[in-house]
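What follows is one structure encoded as structure tokens, with my remarks underneath.
The values are calculated or read from the model by the stated rules, or taken from the named source; none is laboratory data. Because the structure is a prediction, the values reported are computed rather than measured. Quick reminder, even Gly has a Cβ in these numbers, built from the backbone with ideal geometry, and neighbours come from all protein chains shown. The accessibility values were calculated without ligands, DNA or RNA, using every heavy atom of the protein model including side chains. Shrake-Rupley method; radii C 1.70, N 1.55, O 1.52, S 1.80 Å.
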Amino acid sequence: MSPAFRAMDVEPRAKGVLLEPFIHQVGGHSCVLRFNETTLCKPLVPREHQFYETLPAEMRRFTPQYKGVVSVCFDEDEDRNLCLIAYPVKGDHGTVDSVDNSDCEPKSKLLRRTTKKHHVLETEKSPKDWVRQHWKEEKTKSHKLEEEFEWLKKSEVLYYSVEKKGNVSSQLKYYNPWSMKCHQQQLQRMKENAKHRNQYKFILLENLTSRYEVPCVLDLKMGTRQHGDDASEEKAANQIRKCQQSTSAVIGVRLCGMQVYQAGSGQLMFMNKYHGRKLSVQGFKEALFQFFHNGRYLRRELLGPVLKKLAELKAVLERQESYRFYSSSLLIIYDGKEWPEVALDSDAEDLEDLSEESADESAGAYAFKPLGASSVDVRMIDFAHTTCRLYGEDSVVHEGQDAGYIFGLQSLIDIVTEITEESGE
């Protein structure tokens, strides 16, 4: 058994970790869950699992760190709140043993077997409960909560005003509609299959957003082709149609999801894949500009590091023989949190004593700059349809580079370069 799980002082039958919705998921249809602060988990797809276990060394800095496999089942308390619980996989020799489980709450402490609703901890609440709580506070009682939730799930672009003086990151969990939708769908699928199966394998991956206070996340679907070699005719035709009707066919990339905190206006903005499919090339460029804009000015200091990492990734992929990253995404992540900059003649301790409230009041005396100005991440994710000649069972073996993905990267480099030049850099 993994030391990470053994370290928890709970009964043997209850040695599990309650999985929470990952609130920064902005795209994809597979549910991503939070295992702990630095680790996420998602349903194991054999092809993706194989990719992470055979990943070329030079690609590792452009993908999340793979941490092993866990077994996941769903449970239900007496109030019928559904929860997903992770357990160690018997006989697994992956790297799950090295996962730091110190900030996880064991199942026995989180699942309160009670009939009293107010005893259920907030971390147990389903996304739908979160939405209900938010709407009770923010909307008039004349609206029906169910109708509002359905509207929330279907809206393609959403803006929310948040309290800038409060903890912005803690407010995010009430807003992200895509992560809530994916989490609910996963619970529903597992509940429907409960009679036949209640144990699934999930892979553990690095949480790329964990080092950011308020992550701004851009999810881009890369390549001119999205269907895998094993896709049915119907599936392939559907994916081909989506590419032809979007920017995928023209520039090899389309917007799949976006989450941005605009500190200047105090707004959170979410854009989902349905809106991304409708964008023209010019619309895509404008969305990219919006992603790097904080509500007051363009975050120009991020553009150079992004271009550098895109060029480095392109060079790495040009050396990968026979790989095809069909339906893979590219994430660009940076921190939307802003901190006051201490004046040149001020002591370093001044910054420590300056609260967010006083910072707002001192806007005339302090210049604001984003935290970790050059701290921007570029990573490839989602490899469920990736193929390579190393995968011996594949009926189709491709030669050379993944030209469609590389074309999309070059298009992205060109567009970010245009934004940089037009902004005066």
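Is it the case, given these coordinates, that residue 255 is surrounded by 18 or more Cβ atoms within 10 Å (Cβ to Cβ), part of a strand (DSSP E or B) and at pLDDT 95 or above?
Numbers: surrounded by 18 or more Cβ atoms within 10 Å (Cβ to Cβ): yes; part of a strand (DSSP E or B): yes; at pLDDT 95 or above: yes.
Answer is yes for this residue.
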Taking first residues from the range 292-307 that are within 15 Å of residue 214 (Cβ to Cβ) and second residues anywhere that are among the charged types (D, E, K, R) and surrounded by 16 or more Cβ atoms within 10 Å (Cβ to Cβ), the pairs with Cβ under 6 Å that are 6 or more apart or on different chains are 292/299
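Residue by residue through the range 287-303, note down the ones that are in a helix (DSSP H, G or I) and either touching a Leu at 6+ places or on another chain (Cβ under 8 Å) or of a type in the set (A, V, I, L, M) (or both).
Scanning the range 287-303 gives 287, 288, 289, 291, 302, 303.
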Residue 265 is checked against (1) open to solvent by 30 Å² or more (accessible area, probe 1.4 Å); (2) outside any helix (DSSP H, G or I); (3) modelled with pLDDT of 95 or more and fails just one. What number does that condition carry? (3)
Exactly one of 31, 41 is in a loop (DSSP other than H, G, I, E, B) and modelled with pLDDT of 85 or more, and that residue is 31
Every residue from the range 44-67 that is under 23 Å from residue 318 (Cβ atoms) and assigned to a loop (DSSP other than H, G, I, E, B): 54, 55, 56, 63, 64
In the set 236, 231, the lone residue that is assigned to a loop (DSSP other than H, G, I, E, B) and among the aliphatic types (A, V, I, L, M) is 231
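Do any helices (runs of 4 or more DSSP H) entirely within the range 328-425 hold 1 or more residues that are out of contact with any strand residue (DSSP E or B) (no Cβ under 8 Å at 6 or more places or on another chain) and at pLDDT below 90, and if so, which?
On the way: elements: 349-353, 356-361, 403-422.
The qualifying helices (runs of 4 or more DSSP H) are 349-353, 356-361.
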Inspect all residues belonging to the range 275-282 and state whether any of them is farther than 20 Å from residue 156 by Cβ and under 22 Å from the mean Cα position of the chain (by Cα). no
